[in-house]
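Have a look at the structure below before the remarks.
Laboratory data are not the source of any read-out in this text; all were calculated from the coordinates shown. Note that the structure is predicted; figures quoted are calculated from it, not measured. Counting neighbours? That spans all protein chains shown, and the Cβs are built from the backbone with ideal geometry, glycine included.
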Amino acid sequence: MNTKTGEEWCAQLSGLAPDAALEELRSLLLHGLHFALARYNVTESDLEDFVQDGLVKILKELSSYRGDASFTTWAQKVCVRVALTELRRRRWRDVSLDDLVTNSEMSDFTPEVLTDRSADPGQSAAVQMMMATVQRIIAEELTERQRTAMMAVMQGGMAMQEVAERMGTNRNALYKLLHDGRQRLQKRMMQEGMTPQEMLSMFEQG
Amino acid sequence: MDIQSPIQQMVQMIVSTRSDEIGCDECFEQLDRFAELVLAGKNTAEALPLVLDHLNRCPDCREEFEALLVALQSTTFPPRPQYLPT
């Protein structure tokens, strides 16, 4: 049973004889990753590679461990990211942004309620008008980059890291780009008298 | 039926936008602490509201959080067969 403190882990891993601690950590990470990635199409060899790459990163970033959580949790976090980053790359390897961003201005977004025969036609008209306004606002308020990013992430379902790479940026910056876009849309909607409650209640079926 | 259409999800995301949202890097920094709070049954909406908010918006971070949670919970599972003594 692992009872090492974070300080002990760090000291042993960065010390002169790290092998025992490394092996203990490797075993722990492999066990965790086995269950964490159970629903993904990974081989035993993949898991071992992910753990190995994870260990390299952990050792490299040892000094950034701050003790906010236990060492093994922190290490597992690093390892999970390494694994999922690679799995996303594989998943989206052959998909370009063009494959996803097929129509401009999200013109294909059609609310379920519009195809539901039992929906109130009067309400559907109101929703249609709202959606037309949303589409207009998107076209007017967002930059080309923001529209592309939004389409790829929200409509295309592409991983943020993959969209970011194709757009020549990183995931953190992409999130902020999208956040800025959402803020612009939110502000514009309020200016056009579209309150959150009103907009969300339009989707509710009686 | 609670399944939201893509446009409904998008509208939800827009109207609930906060000015103080954190990015992926900041979320990742706190993800281990957040996961431990979840496992301990603590109120994460009170403890780390911005992390919780980010995880509700960012699919990549959400995926990493869920995988981390499973990995951490698995420490209570028995070792896999090849690790049992022969």
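Dividing the summed helix terms, -39500 (n - 2.57) for each DSSP H run of n ≥ 4, by the number of residues in chain A produces a 222 nm estimate of -20500 deg cm²/dmol to the nearest 500. Positive-end ranking of A:Gly157, A:Asn172, A:Val82 along the dipole of chain A, with charges on Cβ about the Cα centre, is headed by A:Asn172.
Inside 10 Å of the C-beta atoms of A:132-143, what's the mean count of C-beta atoms belonging to other chains? Kindly include the intermediate steps, with their values, before the conclusion.
On the way: counts 0, 0, 4, 1, 0, 1, 2, 0, 0, 0, 0, 0.
Mean shielding by partner chains, rounded to a whole number: 1.
Shielding of peptide A:81-87 by partners, expressed as the average count of other chain Cβ atoms within 10 Å per residue Cβ, is 3. Normalising by residue count, chain A has a Cα convex hull of 191 Å³ per residue.
Checking the cross-link pairs A:Lys57/A:Lys176; A:Lys77/B:Lys42; A:Lys60/A:Lys176; A:Lys4/A:Lys57 against a 24 Å limit on the alpha carbon distance flags A:Lys57/A:Lys176; A:Lys60/A:Lys176 as lying beyond it. As a rough guide to protection, the peptides B:40-46, A:5-11 ranked by mean Cβ packing within 10 Å, highest first, stand as A:5-11, B:40-46. Taking N as the residue count of segment B:21-75, its C-alpha radius of gyration divided by 2.2 N^0.38 Å amounts to 1.03.
Treating the beta-carbon of each Lys and Arg as +1 and of each Asp and Glu as -1, no other charges, what is the dipole magnitude of the protein assembly as shown about its Cα centre, to the nearest 20 debye? Could the numbers behind the result be given before it?
Details: 30 positive and 44 negative charges, 31 e Å.
With Lys and Arg at +1 and Asp and Glu at -1, about 160 debye.
Remark on segment A:6-92: ratio of C-alpha radius of gyration to 2.2 N^0.38 Å is 1.08.
Peptides A:160-168, A:16-24, ordered by how many other C-beta atoms sit within 10 Å of their residues on average, highest first, read A:160-168, A:16-24. Inter-chain neighbour count for A:184-196: the average number of beta-carbon atoms from partner chains within 10 Å of each residue's beta-carbon is 2.
Checking Cβ-Cβ separations below 4.7 Å across the protein assembly as shown identifies A:Cys10, A:Cys79, B:Cys24, B:Cys27 as cysteines lacking any candidate disulfide partner.
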